[in-house]
Amino acid sequence: MKVYLMFRDRDFDLKKELPANEQALTQDLELNTLFEAMALGDEFLFDVARKTVLSGLSSDLDTILYRQDVLKDCLRNPSVVRDIYGIAVELIESRKRQWWGFWGVTRHPSSILYDAVKSVEMFVETLKKLRNTVDEHAHKFTSERFKALIAMLQEELSDAYFVSIKKHLKMLEFRNGVLISAELGRGNEGTGYVLRKPHDDKRGWMERILAKKSRSYRFHLADRDEAGARALSELRDKGINLVANALAQSADHILSFFEMLRLELAFYVGCLNLHEQLARMGEPTCFPLPVPAGARSHSFKELYDVCLALKMEQRVVGNEANADSKNVVIITGVNTGGKSTFLRSIGLAQLMMQSGMFVPAESFSSSLCDGLFTHYKREEDVTMKSGQLDEELGRISQIVDHITPNPLFLFNESFAATNEREGSEIARQIVSALSEKGVRIFFVSHLYPFARGFADKKEDNRLFLRAERGANGGRTFKLAEGEPLETSHGEDLYNRIFEATHSPETHCAVENER
């Protein structure tokens, strides 16, 4: 039995290698906040969320739409999905407890068989619970994969299957002894041991008593004949060895199905956890429209930073833009106006879309990328081994070494560690080179010469967004299309910080000096 809730034709691999820049992505986009919201304290859910989201950059269009279809079913039936997930978790945890109970027991065929029988007995009860759950709720699911999974479970876990399993397990208790055949091999050693099915004697008890007995031979072991008992046990083990291994493999097969069911449902349970938290805040979510790589599509309405919303536990400001056919989006404007938050929302939405999730927006569409790279300013090197500009250029070099054919770059206040003229020239050369190769770029910057230089070229594949400022200097945290201005209105911050600590007379003096 196959689960196939993550891919159409294969299992999800939790050990798949993640992008080389996973640490930078996690730090710059604050991904742990997202993963913690999906996990709700469960380490397994956290790990699955992390691996799925970060490996989503390799997803193709069909896989994304396939997962969206499954997730829509999960959102329509959250309690059922959690019940199925709980059934899988319960079985796996019970098996672990049972395994610890048998830990240290010799792994002779007899003990292997006993362990396998007890495991299958436990699994059968769980399989019945799973079958009853899917029977009750089968009509509620409409996705291609859930319908196929439910149909498979109903077919494989039929009533006849459970009757057959029960019969075989009873037979393997060997209440009437073990019937084994063997042959004499070289040196009169036993060979060709085969476990035989017991004779199915359907005669009544009176008929069996009165019937003529066939000639047979038997022997008895003395009470203290340890060597004889050991030899007889070895003969029994040789006879049941094949069936013990076969049943153990069957138990492993059932266990592996539930482990994969738990693994692949874990991602969707994490999505349910996240969706419920956002719904309580009144935040919008939508299923994005993924576009093939290279199509240069990027548009959205009320896109917000999901991690900021989760931290603040309330609705946050969203933004709208149409960057279709644009290679470079340059974001400028007032200090603390929401530029970095907006940039983070771009990266988060891209990762969530490509992993098959909903995104934090009213609508969202974007071309797929096969690599997401972030270049955010870092704290100064306290060891003084290199300057901040050296560190920034070194990271750019590392990123270029891992660049992919269709990447998305997010720059946040890059190259501001030197003077404005030099920083602008470095940024211009790097962005120009990447843009010529068709790389999509979102760049937050206070470097006016850099932004102004691109704006003056009036090229169609550029988009300029500017953080808005209210008439009284307040921040709206909204971005609108607009060319860069020479000021970032740093005086607003000065007034806000110092007006509370200065007397009215001092404040007026400062205003007059301006």
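Key figures for this structure:
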| item | result |
| --- | --- |
| The range 422-439 residues that are more than 14 Å from L410 (Cα to Cα), paired with ones that are part of a helix (DSSP H, G or I) and among the aliphatic types (A, V, I, L, M) (beta carbon under 8 Å, 6 or more apart) | I426/L393 |
| First in the range 464-478 and within 13 Å of G338 (Cα to Cα), second anywhere and of a type in the set (G, A, S) and surrounded by fewer than 20 Cβ atoms within 10 Å (Cβ to Cβ), Cβ under 8 Å, 6 or more apart | L465/A480; L465/G482; R466/A480; R466/G482; E468/A480; T476/G470 |
| Search result, residues across the range 353-372 that are of a type in the set (F, W, Y) and either within 10 Å of F300 (Cβ to Cβ) or at pLDDT below 95 (or both) | F364 |
| Helices (runs of 4 or more DSSP H) wholly inside the range 380-479 containing at least 1 residues that are outside the structural domain of Q27 (by TED's automatic domain parsing) and among the β-branched types (V, I, T) | 388-401, 420-436 |
| Failed item, numbered, when S325 is tested on (1) modelled with pLDDT of 95 or more; (2) closer than 27 Å to A467 by Cβ; (3) surrounded by fewer than 17 Cβ atoms within 10 Å (Cβ to Cβ); (4) not aromatic (F, W, Y) | (1) |
| Set L75, L57, L34: member being in contact with an Asp or Glu (Cβ under 8 Å, 6 or more places away or on another chain) and part of a helix (DSSP H, G or I) | L57 |
| Number of the condition not met by I403 [criteria: (1) surrounded by fewer than 24 Cβ atoms within 10 Å (Cβ to Cβ); (2) β-branched (V, I, T); (3) under 26 Å from Y448 (Cα atoms)] | (3) |
| The range 281-294 residues that are farther than 25 Å from S59 by Cα, paired with ones that are surrounded by fewer than 17 Cβ atoms within 10 Å (Cβ to Cβ) and of a type in the set (S, T, N, Q) (beta carbon under 8 Å, 6 or more apart) | M281/Q314 |
| Members of the range 36-66 that are over 21 Å from R145 (Cβ atoms) and not acidic (D, E) | A37, A39, L40, G41, F44, F46, R50, L54, L57 |
| Residue satisfying all of: in the range 302-322; out of contact with any Asp or Glu (no Cβ under 6 Å at 6 or more places or on another chain) and closer than 19 Å to A49 by Cα; surrounded by the fewest Cβ atoms within 10 Å (Cβ to Cβ) among these | K311 |
| L34 vs. criteria among the hydrophobic types (A, V, I, L, M, F, W, C), under 26 Å from P407 (Cα atoms), touching a Pro at 6+ places or on another chain (Cβ under 9 Å) and outside the structural domain of F443 (by TED's automatic domain parsing) | no |
| Filtered residues of the range 117-151 (kept if surrounded by 19 or more Cβ atoms within 10 Å (Cβ to Cβ) and not in a helix (DSSP H, G or I)) | F141, S143 |
| Selection within the range 425-442 - more than 13 Å from I396 (Cβ to Cβ) and buried (at least 22 other Cβ atoms within 10 Å of the Cβ) | R440, F442 |
| Leading residue by the ranking (surrounded by the most Cβ atoms within 10 Å (Cβ to Cβ)) among those in the range 243-301 that are polar (S, T, N, Q), over 21 Å from the mean Cα position of the chain (by Cα) and in a helix (DSSP H, G or I) | S250 |
| Residue count for the range 37-57, restricted to those that are touching a Leu at 6+ places or on another chain (Cβ under 8 Å) and either of a type outside the set (A, V, I, L, M) or in the same structural domain as L408 (by TED's automatic domain parsing) (or both) | 5 |
| Within the range 152-166, tally of residues that are free of Cβ contacts under 8 Å to residues at least 12 places away in the same chain, more than 23 Å from D11 (Cα to Cα) and assigned to a helix (DSSP H, G or I) | 5 |
| One residue from V329, V317 being more than 26 Å from the chain's Cα centre (by Cα), assigned to a loop (DSSP other than H, G, I, E, B) and not assigned by TED's automatic domain parsing to the domain that holds K51 | V317 |
| Total residues in the range 19-49, condition within 17 Å of L408 (Cβ to Cβ) and under 15 Å from the mean Cα position of the chain (by Cα) | 4 |
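So that you can scan it fast, the table gives a plain yes or no per residue for (1) at pLDDT below 80; (2) basic (K, R); (3) closer than 19 Å to D115 by Cα:
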| site | (1), (2), (3) |
| --- | --- |
| A227 | yes, no, no |
| L232 | yes, no, no |
| L235 | yes, no, no |
| A244 | yes, no, yes |
| L247 | yes, no, yes |
| H253 | no, no, yes |
| L263 | no, no, no |
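The values are calculated or read from the model by the stated rules, or taken from the named source; none is laboratory data. Fair warning: this is a prediction, and the values are worked out from it, not measured in the lab. Here Cβ is always computed from backbone atoms with ideal geometry, including for glycine, and neighbour counts include all displayed protein chains.
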